[in-house]
1. When you go through B:A190, B:A196, B:A229 one by one, which is the residue that is open to solvent by 20 Å² or more (accessible area, probe 1.4 Å), touching a Ser or Thr at 6+ places or on another chain (Cβ under 6 Å) and either among the aromatic types (F, W, Y) or not in a helix (DSSP H, G or I) (or both)?
2. Among B:L449, B:L478, B:L402, B:L439, which is the only one that is facing another protein chain (nearest Cβ under 8 Å), open to solvent by 50 Å² or more (accessible area, probe 1.4 Å) and assigned to a helix (DSSP H, G or I)?
3. Surrounded by 15 or more Cβ atoms within 10 Å (Cβ to Cβ) and either over 24 Å from B:R95 (Cβ atoms) or not acidic (D, E) (or both): is that true of B:L29 in this structure?
4. Based on what the data block shows, is B:V36 of a type outside the set (F, W, Y) and crowded, with 24+ Cβ neighbours inside 10 Å?
5. Whether any residue in region B:216-232 is of a type in the set (K, R) and closer than 20 Å to B:V501 by Cα is what I want to check.
6. Those residues that are more than 7 Å from chain A (Cβ to nearest Cβ), in a helix (DSSP H, G or I) and without any contact (Cβ under 8 Å) to a residue 24 or more places away in the chain, I need them from region B:486-504; list them, please.
7. Which is away from chain A (no Cβ under 14 Å) and without any contact (Cβ under 8 Å) to a residue 60 or more places away in the chain, of B:G358, B:G417?
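The values are calculated or read from the model by the stated rules, or taken from the named source; none is laboratory data. Being a predicted model, the structure only gives us computed values, none of them experimental. FYI the Cβ positions are ideal-geometry reconstructions off the backbone, even for glycines, and counts take in every protein chain you see. With ligands, DNA and RNA removed, areas are computed over all heavy atoms of the protein, side chains included. Shrake-Rupley method; radii C 1.70, N 1.55, O 1.52, S 1.80 Å.
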Amino acid sequence: MSWLSDHILSLVIFLPVVGAAILFVFASWDAVLVRRWALGVSLLTLLLAVMASVLFVQERAQNTSKSDYCLVEKMNWVGGDDDTGARAVKVQYKLGVDGISLPLVVLTAFLTPLAIWGSFTGIQTRHREYYALMLLLLGAMLGVFCARDLLLFYIFFEFTLIPLYFLIGIWGGSQRQKAANMFFIYTLTGSLLTFAGVIYLGWKASICGATGHVFTFDLDELYGLASAGALSSTEQWWLFVAFFAGFAIKVPLFPFHTWLPLAHVEAPTAGSVILAAILLKLGTYGFLRLSLPMLPGATIELAPAIGMLAVIGIIYGAVAAWVQSDVKKLVAYSSVSHLGFCLLGMFCLKMAGLTGSLLYMINHGLSTGALFLIVGMIYERYHTREMSEIGGLARKMPIMAFFLIVFTMSSIGLPGLNGFVSEFLVLLGTFISATEINSKPGPLGIWYAVPAASGILLGAIYMLHMVRRVLFGPVKEPAHGFDGSAGLTQDLTKREIGILAPIALCCLFLGVYPKPVMQVMEPDLARGLNHVVWETVAEADDPETTGGLDSRRAAITDRPGERLSRPPVYDLKEPIRPTGQPSRLPSHLASANGGDE
Amino acid sequence: MSNPSLMLELLAPELILVVGASIILLLGLSRTLGHVSMWLGLVYVAGAAFAAYRLAEQYAGANPLIVPALNHSPLVFYVRLVTLAVGALILLVNRHVPEDEERGEFFALILFSLSGISLVSIANNLILLFLALELVSVPTYILIGLSRRDIRAQEATGKYFFLGAFAAAMMLYGFSFLYGAAGTMTMYAAPLSGKASILEVLSAADALRDPLVLIGLLLTLGGLAFKIAAVPLHFYVADVYQGAASPVSGMLGFVPKFAGFVALIQIFALCNWQFGNAVFWLMWTLAAVTMTVGNTLALMQHNVKRMLAYSSVAHSGYMLVALTAGSVGLTAILFYMTVYGVMNLGAFAALSFFRKPGLDDQDESAEMLDDLAGAARRHPWAGLALAICVLGLMGFPLTGGLFGKFYIFSAALSVSGGGGNLSAAHGTGMIVLVVVGVLNAAVGAAYYLRILATCYLRKPAAGMTSSECRALRWSLGLCAMLVLAAFLQPGFLFNVSQKAVSGVTQRTGLLLGKKTQAQEDANQGKISLRPSTD
């Protein structure tokens, strides 16, 4: 058991990779065996991920304040102990999960088997390669969320491009090559700029850090570097831009979203599901993991600009979704709108908004993933996604209609389903964002929240508009009619119900009782936020006084009404340090940095 | 020359190669024995590697070991090792290229060319340096012509030869200016011999103010820019790569380029990396323009060989970025050069593996993008090997190419605050150069992706076959595995190249009589300084 708990994250990441390699090697397997193998491996991965979360909760209960993250695995990968005197490089294979990454790991491991199961009828050619790539993608995504070394993070982050490139390029629609190329080049360009930022941080660590002339990418050391104030405001600004280039394109934030609708429409169903549900979250996760804690000054400075883009994205995405006639394109544009909310919540820099933002990532993954699955199921039956060609399907496919309405409601944010909780928290955070953070106004405020709230209204309009046209009215089927050649019945088969039901249950559960998930997330979100708030405190007032501490505490803990008002389970004082003695500040740094500012 | 036996000893690996090449040349005349030429070449390469290893062991502490014409430093060992390792792969990849009766000449020429590279790294005299560079180049001119019975191969030979001769003349002219300034051809003089050396002249504080030195350096740089195919002297690349048979093109991506970069390192080490404003910004521009032009031209190609040719220009640009950073970039250059040599060779080996129907019922090596259509579906393993090499050229995770780019950009950013011989403005310039570099890498990804897309996404082309040559298959697989290994354990190669570089920087510091760590070691008897005995 202890070996297992020591290596659980490696197992989670590399089990699917090994599964994919085996698929590639055994060329003689027939389609049925290949499908079963892929589903089995991904389910086993889910099992391991669930085990990892149990171990995580146990470990956290045992040593609450010892480290920021749990289930650590550490191994030197490149260099580290070189004595030639030149700048050596230390890259570690270091894994760990905390309350921010664990929910995303579970989400990934939960949705991928369903996406694989959902491809059983849709994929008719080159099965072996398809399922191998799906498993490879699963491993890479899990790796991104588990990495605790910046370079390792980047490697996984970039590697996700390859499997999805082939998934879109081989099994996509008629414009698949164009879509795949655009997706690949666009996101690669951004992430290469991030690469330059990553290296710059490593270099900064080598001249300022305690490691002594070694390029290091250990996230802990980089956080220490940031909270010691080693990065001047100019440097922070440029690094923020470098990270922004990679992550904003991935999210995608307006106006960098142009690759997304095409990629979504052309991708096979499972590709769209994974893309929307998890790959887009790599961008938001990157902001949350890297930009906020490491570049607090720039975050506060640039938050209004990002908030503005997010609001534009919310409204633009919604309006664009409204006018689509292709159901899949509609859902794709709705993603642009939804992820605007996600970033808005993140950059309002309030606890409520951050919690809402992280919950939003999960909820959007569930509901949009399910919507793409349903669109795929309709497409398999009628070979069209045009709303003008289909209609009144509620009579032909009542079960499908039930699920479509559930997920539509979840996506709109109907109270009682998951979307509501996160949307509410995000808007709340944005509304109260302008209230003081330590005697300085926060970055966003009512002028961001009001237009964003109108985005919810627009969201209800376009989603219900779609539901009305697809499900109700007179029955309309395309000229070629219903195609049951893949063994499908007119309404959903048992397999398809089996795919959608777990997601629906999760939506319901997270809508009614999100507390366990929030409890896992909040300590780490608070820690991340503290890095940012800390920066303003250092600028704004004298933190030695208790007043400063109290106001900070108030700023962090202000949260919505009685539903959420419970004593924080984390110790807020711990990460907040007085200016005079930041814990991880190397002695020579104070003088080295003085000249920069 | 009072100690010829020591000189011969230091040159043992090259002597083995040259003598071996001569034997192969003779045996090639025989119809039956000609067939073993390639395998015999491998044996000599192994022998040379063994000799190089023994030499490095024997003189491990002796840095630098200077006899008048030679100077033995850890760099020499690294260059020999990499040359011989990649050289063995080059021999394997070329197994099927020459006609039956030409095997002897063909493989002998490859060995001659390989021996030249290590001579470049050991030369301590401008004349010897020039001869070594020509020993690298001249056999390649002939190899191109031998590799194919095609009018384009003849054209490529002619073009390469004339332009090469022009570049060599330019370089030689530059050397004559350096000679004029220094009054000697010796690059490094042994510390206690009291002789003049070019190092003393070039590393003086305001050496670059002297027009003789400046002109000499610029002309030398121009000549070497041809060898590494840097931008204004890149015009020949596409035609030459296209004209030669694919395996020979793969060799051209490594052999002259490696020799050129080693020579550049030698020359800049003589300046002790004091670039001054003019040379720094010249190198800066050279790097930026080379990357950009190379990638832009590659983007416009439909012929894979031409595409890879222009991409090799771009890769020289990346390495020039590290060279611009000064002595901190050397390790990155050596690492990148090695990884690039293998990836590039692998890509050309794959081109040679996939055959298309040609004239006279003969199959030809794939050349256009269309020839590769669906290649990975026909031959999944070869397709995978090609994909790994191409992803490596792209600098993508899971390949050594990622760490190549990583080390280069780290080196460039590590002087971004100024420092060393660079000012703060230079540091900012380096940051801009890195941004230009990563954007170029994105442009590069666009055309490499086209190769991947053609191999994996399209329907297999009609009439595509594959090469039967077993040596080619094995070497293709080996290249791909080496590229993967350079990702999994980049530290190994990096540490080896770091040792080589520390030899170079220590040598310069030591000979300038600075109080470096190396000299303290010498005082403590860790390093023996052998004075020249004449």
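1. After ruling out the rest, the residue left standing is B:A196.
2. B:L439
3. Spelling it out, it is not the case that B:L29 is surrounded by 15 or more Cβ atoms within 10 Å (Cβ to Cβ) and either over 24 Å from B:R95 (Cβ atoms) or not acidic (D, E) (or both).
4. No: the conditions fail for B:V36.
5. no
6. Correct list: B:L488, B:F492.
7. Answer to the check: B:G358.
Let's see how each residue does on (1) away from chain B (no Cβ under 11 Å); (2) of a type in the set (V, I, T); (3) surrounded by fewer than 24 Cβ atoms within 10 Å (Cβ to Cβ):
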position	(1), (2), (3)
A:G79	no, no, yes
A:Y93	no, no, yes
A:H127	yes, no, yes
A:L151	no, no, no
A:F157	no, no, no
A:L164	yes, no, no
A:G169	no, no, no
